[in-house]
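Each remark here refers to the structure printed beneath this line.
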């Protein structure tokens, strides 16, 4: 009769049953009898070097009593690697003679062979169990990642005058971060960033629920605070206890730059302004904790050139090798130094990675959404596409090298190109000034005065207007437009005397549109000619 | 409208100082323009900027004029502009330079108003 003892973390060793017992054993229906670690027999067997006679064993052991009751005469401990892995129980010899010294030698030799074999079997079984558990966890993580990836936006909103970018990188155990862009009709865009407490599939499922509730509420409520209040009430009965969701919801009017926002306990958004970094504060409890909460709603007007940065706590709470947190100060410094959306995202992630070091495992999901009011064009993306469909006739196209002074060449060539278009002297001179300023910006800011980069100028005409398109390579550059010029401030030394370029351009023509396509930055100047034609 | 280099000439006009500006007022004009203003700084009377022979002013040129105006105001000196074309009159108006610079169509009317 063999009892196998499975190694357990607890203090009781347990026989694995009678798998190895001979079914024809004369002992018959012999139950598995464990040797508890607490029983003195356990230590005695562990210290024994061979078969142990139960007869005169001087131990106060309940197990010994039980074994004697079952007629056991000899116990052979199976010791391997310093552990008691099993025991052989032997009843009386069938010949009714006592066990001989040869029998004992045979049993010792048998135990020496069996113990390592059992040890190997145990290790194999343990490995198989662990591998199954790992597979189960991996499978769960795959499901969680799939839910996240399916529900995060597939593409970024393309809005003329705005650059929007986002970054999401899950931790190995998916952390429940999410973001969303919800078109609300007209020029309004809903912007969401959130974080579900907990990890893995439960967090992913709550995220999916919350996202759907936000989309539904955003369609029914015009105010950011009401949207969060509605989601909170819908989520509260559905969410498991001790789980909740932090979430910032903002409604951006892309025509005016007006941003209306409410916050359910999420990290504050930061805005890079010409006067430093501003926090957008609004108070509110996380979603799903308590019903009938109210959410403070506030408003901020995003000015031309300003960059809003939304983050999850996976950024601020990332640690480096010394256990130091990335923290809000570093985040704010990055926001202060950030360029337009695309570079803002990569710069911040680079800085974060530099901080935590190359070998660190990411602790939590990292989510970043950047909204940059990149130009003052106040037409929607659809309208911009519509403008292009008018299909005006291209009457001239040329390039100038990015050398200061070449804006005069561009002015002259545009003037030559439109010589047959009837424009009043006033409109012609205004267009000349606008072309000069736009080309100068393209040379200096777009192409950074790199002589090998060209500024291309295209002149298009249809029955109602002249369009001049000026293209440079600054689409992914760091150009920050100057603040709106204020002459009093300039005369008082509060503003640089410079910074009139964009102001003049906008004042000189009927429409200005800026458009980025990767590195290609295009400014389109439009002059209406209908009444002069 | 070919590019033409900037130049300036200082004249005394019945107790006022006139800077006769010519050519393009842009970045290339910066040094010459600052030099001309420095030379005219301690002269008597109003500072009259004559734009009769100016062909082109860009945003950098506006910044140069703002710098001159800032300095003149700091010593309480009146700055006058004459000879602006309608286009540049409009630019002086939208930038609000015309709120701080007295504008006359030509030298004759500037003298009469003195």
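When A:270, A:168, A:99 are sorted by how many other C-beta atoms sit within 10 angstrom of their C-beta, beginning with the fewest, the order is A:99, A:168, A:270.
Each residue of the range A:76-145 gets 100 Å³ once the volume of the Cα convex hull is shared out per residue. The rule of thumb for compact globular proteins, 2.2 N^0.38 Å, goes into the C-alpha radius of gyration of the range A:209-318 1.10 times.
Relative to one another, the C-alpha centroids of the range B:2-58 and the range A:83-134 are positioned 109 Å apart. Neighbouring Cβ atoms from other chains, within 10 Å of the Cβ of residues in A:418-426, number 1 on average. The alpha-carbon positions of the range A:395-447 define a convex hull whose volume is 66 Å³ per residue. Rounded to the nearest 5, the antiparallel percentage of DSSP beta bridges internal to the protein assembly as shown is 85%.
Suppose R0 equals 56 Å. What FRET efficiency, 1/(1 + (r/R0)^6) with r the Cβ-Cβ distance, do residue B:30 and residue A:150 give to the nearest 0.05?
Numbers: r = 58 Å, r/R0 = 1.04.
The formula returns an efficiency of 0.45 here.
Here the spin labels are modelled as points 7 Å beyond Cα on the Cα-Cβ line, and at residue A:301 and residue A:103 they lie 10.4 nm apart.
Between residue A:215 and residue A:112, the modelled label-to-label distance comes to 7.2 nm, taking each label 7 Å out from Cα in the direction of the beta carbon. Taking Cα atoms only, the orientation of helix A:341-356 departs from the longest principal axis of chain A by about 30 degrees. Shielding by partners for peptide A:500-506, expressed as the average number of C-beta atoms from other protein chains within 10 Å of each residue's C-beta, is 4. Out of every Cα-Cα pair that chain A contains, those further apart than 38 angstrom amount to 53 percent.
The three principal axes of the C-alpha atoms in the range A:163-267 carry coordinate ranges of 40, 30, 20 Å, sorted with the longest axis first. As a proxy for reagent exposure, ranking A:210, A:247 by other Cβ atoms within 10 Å from fewest up yields A:210, A:247. Rounded to the nearest 500, the 222 nm mean residue ellipticity of chain A from helices alone is -11000 deg cm²/dmol, with -39,500 (n - 2.57) taken per DSSP H run of at least 4 residues. Take chain B, drop everything but the C-alpha atoms, weight them equally and run the Debye formula without solvent; then report log10 I(q)/I(0) at 0.20, 0.22, 0.23 Å⁻¹ to two decimals. With one equal scatterer per Cα and no solvent, log10 I(q)/I(0) is -1.10, -1.38, -1.54. Please report, to two decimal places, log10 I(q)/I(0) for the range A:391-533 at q = 0.15, 0.20, 0.21 Å⁻¹ as given by the Debye formula with identical point scatterers on the Cα atoms and no solvent. Debye intensities relative to I(0), on a log10 scale: -0.74, -1.20, -1.28. Between 0 and 90 degrees, the angle of helix A:200-220 with respect to the longest Cα principal axis of chain A falls at about 30 degrees.
Placing a label point 7 Å from the Cα of residue B:85 along the Cα-to-Cβ direction, the residues of the range A:433-477 with a backbone N closer than 19 Å are A:433-440. Any idea what log10 I(q)/I(0) is at q = 0.11 Å⁻¹ for the range A:115-211, Debye with uniform C-alpha scatterers and no solvent? Summing over Cα pairs of the range A:115-211 leads to -0.48. Its residues counted as N, the range A:432-480 yields a C-alpha radius of gyration over 2.2 N^0.38 Å of 1.24.
So how do A:304, A:59, A:310 line up by other beta-carbon neighbours within 10 Å, fewest first?
A:59, A:304, A:310
When you count the other C-beta atoms within 10 angstrom of each residue and take the mean per peptide, A:271-282, A:451-462 line up highest first as A:451-462, A:271-282. Residues within the reach of a label modelled at residue A:419 (point 7 angstrom out along Cα to beta-carbon, backbone nitrogen below 13 Å), restricted to the range A:453-469: there are none.
Take each residue in A:354-364, count the other chain C-beta atoms within 10 Å of its C-beta, and the mean is 0. Annotation for residue A:274 and residue B:106: the two label points, set 7 Å from Cα along the Cα-Cβ direction, are 4.0 nm apart.
Output the peptides B:65-74, A:394-403 sorted from most to least packed, where packing is the average of other Cβ atoms within 10 Å over each peptide's residues.
Answer by packing, highest mean first, reads B:65-74, A:394-403.
Rule-based calculations on the coordinates, nothing more; no lab input. Remember, it's a predicted structure, so these values are computed and weren't measured experimentally. Here the Cβ is made from the backbone with ideal geometry for all residues, glycine too, and neighbour counts use every protein chain on show.
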